[in-house]
Every structure is written in structure tokens, then in C-alpha cells.
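The values are calculated or read from the model by the stated rules, or taken from the named source; none is laboratory data. If you're wondering where the values come from, they're calculated on a predicted model, not measured in any experiment. Cβ atoms come from the backbone with ideal geometry, glycine included; neighbour counts cover every protein chain shown.
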Amino acid sequence: MSSNPFANEDVMEDYMSALLTEEPIIEDAQRQSVEQLLKTAPKPRTEPFIQPAEEPVETVPVISKVLELQVEKKLVEVKTPAKVVKPIIPAGEFQVLLFEVAGMTLAVALTELGGIHQIESVNPLFGKPAWFKGVLLHRDEKYNVVDTAKWIMPKKSAEKLAEATEYKYLIVLGESGWGLGCESLIATEILLPDEVKWRNVEGSRSWLSGMVKKKMCALMNVQQLINMLNQGLSSND
């Protein structure tokens, strides 16, 4: 078990509640009133309008030229995020693995678990995101190791936890080649769908399927998590 300050139950409850709360987007539209526009309108003309005397004007043929304006076109690369992979809510009971990272308990469905390996050494790679810890070689397989605390937590908190977090296990996500660093394995547990507070993944934090009520822990949307990792995104992107 980790002894860092995030293990405090009250703090973790607030953090988990925040994860499950959709942040409303408030747009303040600032518009001028009709009255203000009328005040700035020009005053009506009061003096009579006198038509100026017409003078003979010599007409000169004018050859119009069409000038083609050369507009510099800049190619802007627009990254279109891949479609969010929605979790499938089980019709009946299902099993999950509970594990701990930086004092926070996470859950992943056993049907989406690709295996568990001990972390002995990780080979770092340059030019990767801060949450990419490196590559783990296990027999003939290579796994991309995610620094789970850095991936999930806000940046300020993640930096404080980086030195104190010691990953002992790798939770492999399906057959993706991605794995989450884990400090300790807690247990497997059988859950019913009603024991999870499911959330709308269309909003923010699409990697989060919901919260296991009695455990106050996050149930991860593994397929969407893999989707985000493949795009190089963290939970805060």
C-alpha cells in the first residue's frame, strides 16, 4: 500500500466525485442592446437637399482590368479525434480486478485484461510523452508501460507523486500491447451492473466507465483507454 497523501479517504472521495462530474461549459455571449445601437446611429439630415448643377463631363473609355488577388493558402492540419468507444454495460454480474496506484483504487473488467506481469526493468524511450514510462520486455513480447499516476492525475499532482510511486506490476490492456503501471494488486470482485454508477462517456474523461459505489473506485473503459493511448493522449487532453 502507498503511504502518500492521496491515500486519505476524504481526499480520494472528493477526487473520484470530481472525475464523475461533468464540467458544464458556460459561454457568456456579450451583445450590444438595440438602445445602445440607436444612440450611436447618425442623426437625420434637417437642411434641404440641393441637387448640384450638372456640368458636361467628357466621357473617356476606361478599360477595366481584372486583378487576381493571390491569397496565400496555409494548410492547417486538423486532428480529428477518433470516435469514442463506448463501454458495454453487462446484463448480469461481471468480474473486475482491483489494483492500486498512488493511493487510488482502479478497476478493470477481467474480460478486458490481457495479463499481469511483474515489472523488473523498463527501457525508456526518448521523444515520448511524460506519461510514457518505457518498454517492458517479457519473454518474446514488448509492452508499452504507462506511468498511470501521470496519465490520470492532474499535472501538478502527478509531478509530486512521480518520485513516490513504485510500480511493481503491469496490467496489460487486452491485446493492445499497452500496460498500466500498478503498485499493488488488491483483489478480484464480482459486481452487478447496479453497483456501478455509470456515466456518459460522450463528455470529458471518456476513459472512465463509471464508479464502483461500495469501493469508491474508478471502473476503466479499457477500449477507449487504448484508443486514447494510441493517439498519444493523456486523461487531461
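Can you find, within the stretch 163-194, the residue that is modelled with the lowest pLDDT among those that are in contact with an Asp or Glu (Cβ under 7 Å, 6 or more places away or on another chain) and surrounded by fewer than 17 Cβ atoms within 10 Å (Cβ to Cβ)?
Among those residues, the one meeting the criterion is GLU166.
LEU219 fails exactly one of the following numbered conditions: (1) over 27 Å from TYR143 (Cα atoms); (2) at pLDDT 95 or above. What is the number of that condition?
LEU219 satisfies every listed condition except (1).
Out of LYS156, LYS160, report the one residue that is of a type in the set (Lys, Arg), out of contact with any strand residue (DSSP E or B) (no Cβ under 8 Å at 6 or more places or on another chain), modelled with pLDDT under 90 and surrounded by fewer than 13 Cβ atoms within 10 Å (Cβ to Cβ). Break it down into steps so the answer makes sense when it comes.
Details: LYS160 fails: surrounded by fewer than 13 Cβ atoms within 10 Å (Cβ to Cβ).
So the residue among LYS156, LYS160 that is of a type in the set (Lys, Arg), out of contact with any strand residue (DSSP E or B) (no Cβ under 8 Å at 6 or more places or on another chain), modelled with pLDDT under 90 and surrounded by fewer than 13 Cβ atoms within 10 Å (Cβ to Cβ) is LYS156.
Let's see how each residue does on (1) at pLDDT 50 or above; (2) in contact with a Ser or Thr (Cβ under 9 Å, 6 or more places away or on another chain); (3) polar (S, T, N, Q):
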residue	(1), (2), (3)
PHE49	no, no, no
GLU54	yes, no, no
SER64	no, no, yes
VAL71	no, no, no
LEU75	no, no, no
LYS83	yes, no, no
PRO87	yes, yes, no
GLN95	yes, yes, yes
ASN123	yes, no, yes
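Of the residues VAL122, VAL135, VAL145, only one is of a type in the set (A, V, I, L, M), crowded, with 19+ Cβ neighbours inside 10 Å and in contact with a strand residue (DSSP E or B) (Cβ under 8 Å, 6 or more places away or on another chain); which?
Details: VAL122 fails: crowded, with 19+ Cβ neighbours inside 10 Å; VAL135 fails: crowded, with 19+ Cβ neighbours inside 10 Å.
From the options VAL122, VAL135, VAL145, the qualifying one is VAL145.
Only one of GLU202, GLU195, GLU183, GLU166 is acidic (Asp, Glu) and touching a strand residue (DSSP E or B) at 6+ places or on another chain (Cβ under 6 Å); which? Working first, answer last.
Numbers: GLU202 fails: touching a strand residue (DSSP E or B) at 6+ places or on another chain (Cβ under 6 Å); GLU195 fails: touching a strand residue (DSSP E or B) at 6+ places or on another chain (Cβ under 6 Å); GLU166 fails: touching a strand residue (DSSP E or B) at 6+ places or on another chain (Cβ under 6 Å).
Matching residue, one of GLU202, GLU195, GLU183, GLU166: GLU183.
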